[in-house]
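The values are calculated or read from the model by the stated rules, or taken from the named source; none is laboratory data. Quick caveat, the model's predicted, so the values are computed rather than measured. Because the Cβ atoms are built from the backbone with ideal geometry, glycine has one as well, and the counts that use them run over all protein chains shown.
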């Protein structure tokens, strides 16, 4: 599993015109195949009168091939879905679906011209969409004496630790989240720091 990668931060839409045909590209973050399908259906319902609603998706990390899909939606085979998917796979973004809605303008573009138009529509959307980093977090429950709390807290920034909750009784119990990639080093560090006096539990 890739611990972190870049994904769309929000839905984004733009439009280009090629020889009177309108190409409306809409991009969304879709962490699962089901969410991708829901987004595609939403676009089809929003533009029911369009000539085509072609789409492509990459679910997972950038460059992933296991969960990819595409559709020409009635355009000549390979003229829309494939170039759209290629653009996504070279974008550096994961968990992404793009739908390009076409309203035919009366001038035929030819298969090569269509492929370029669909690619350009996707690239225009990719250039405008805002992004964020997706991080796979894991939960950790820590128990420690009060004397160890401050030394422990000083490590949090270095390991990107998020404190979800804390309880104070005979000892301090901290409910934390941190990136999976840091887990082994973090637990080793705090065990060494406390000489084994910190309890560590990783909820199932």
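Some notes on this structure:
- Filtering the stretch 128-150 to residues that are assigned to a helix (DSSP H, G or I) and touching a strand residue (DSSP E or B) at 6+ places or on another chain (Cβ under 9 Å) leaves 128, 146, 148, 149.
- Looking only at the stretch 169-204, and only at residues there that are over 12 Å from residue 138 (Cα atoms) and without any contact (Cβ under 8 Å) to a residue 12 or more places away in the chain, the one that is surrounded by the most Cβ atoms within 10 Å (Cβ to Cβ): 191
- Taken together, the residues in the stretch 76-94 that are touching a residue at least 12 places away in the same chain (Cβ under 8 Å) and either over 19 Å from residue 123 (Cα atoms) or not assigned by TED's automatic domain parsing to the domain that holds residue 8 (or both) amount to 1.
- Screening the candidates 115, 125, 79, 87 for the property of being crowded, with 17+ Cβ neighbours inside 10 Å, in a loop (DSSP other than H, G, I, E, B) and either on the phi < 0 side of the Ramachandran plot or more than 26 Å from the chain's Cα centre (by Cα) (or both) yields one hit, 79.
- Meets criteria (part of a loop (DSSP other than H, G, I, E, B), farther than 24 Å from residue 104 by Cα and out of contact with any helix residue (DSSP H, G or I) (no Cβ under 9 Å at 6 or more places or on another chain)) for residue 35: no
Residues checked against (1) more than 30 Å from residue 36 (Cα to Cα); (2) not assigned by TED's automatic domain parsing to the domain that holds residue 15:
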site: 109; (1), (2): no, no
site: 112; (1), (2): no, no
site: 124; (1), (2): no, no
site: 146; (1), (2): yes, yes
site: 159; (1), (2): yes, yes
site: 175; (1), (2): yes, yes
site: 179; (1), (2): no, yes
site: 184; (1), (2): yes, yes
site: 195; (1), (2): yes, yes
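- Selected residue (only one of 130, 173 is under 25 Å from the mean Cα position of the chain (by Cα) and modelled with pLDDT of 95 or more): 130
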